[in-house]
Amino acid sequence: MRVRSRGCQSEEARHVNKAFTLMKALVQRVARAGVSVDGVTISSVGRGLCVLVGIHRDDTDQQAKVLAKKIAALRVFEDPDNSKRWSKSVSDLGLEVLCVSQFTLYHTMKGYMCRWACPPLPTP
């Protein structure tokens, strides 16, 4: 017997479309960004990207590698030589990337409440 949570992809469906990824990323260009907890800076970057990453419990390491490669190659910066917009990536320019885990990217709204159809698995 197979149990499926609402909104989760079954094993059968995953085999049909191997390119399917549930992992989500919200990417923003930044002059500087940082994460602090209780007033203590945990991590910070200068010019580059701030990426909020939602990792689904069904995501794989391979999907994470593909997403990281895409983010590193994402052309969202202008070329300093000719000012051509949207032609350079963080890898091209040697910029920084701050990734922040953000499970709330998997919420759905029901009225004024957030609902998670496939919450992350609890940690042991």
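The fraction of Cα-Cα pairs per 10 angstrom bin, counted from 0 for the range 11-116, comes to 13, 34, 32, 17, 3 percent, rounded to whole percents. Working note: Karplus 6.51/-1.76/1.60 with θ = phi - 60° gives the range 40-54 the couplings 9, 6, 8, 7, 8, 9, x, 4, x, 10, 10, 10, 8, 10, x Hz, where Gly and Pro are set to x.
Straight-line reach from LYS24: taking Cα to Cα under 21 Å and skipping same-chain neighbours fewer than 8 places apart, the lysines in range are LYS65, LYS69, LYS70, LYS110. Contact order for the range 11-116, expressed relative to its length and based on alpha carbon pairs under 8 Å spaced 6+ residues apart, stands at 26 percent. Less than 5 angstrom separates the built amide H of MET23 from those of HIS56, all sequence-distant by 5 or more or on a different chain. Hey, with R₀ at 25 Å, roughly what FRET efficiency would VAL40 and GLU96 work out to, going by the Cβ-Cβ distance, to 0.05? It comes out at approximately 0.80.
Only the coordinates and a few stated rules stand behind these numbers; no lab work does. It should be emphasised that the depicted structure is a prediction, and the values quoted were computed from it without experimental measurement. We place every Cβ from the backbone using ideal geometry, glycine too, and count neighbours over all the protein chains shown.
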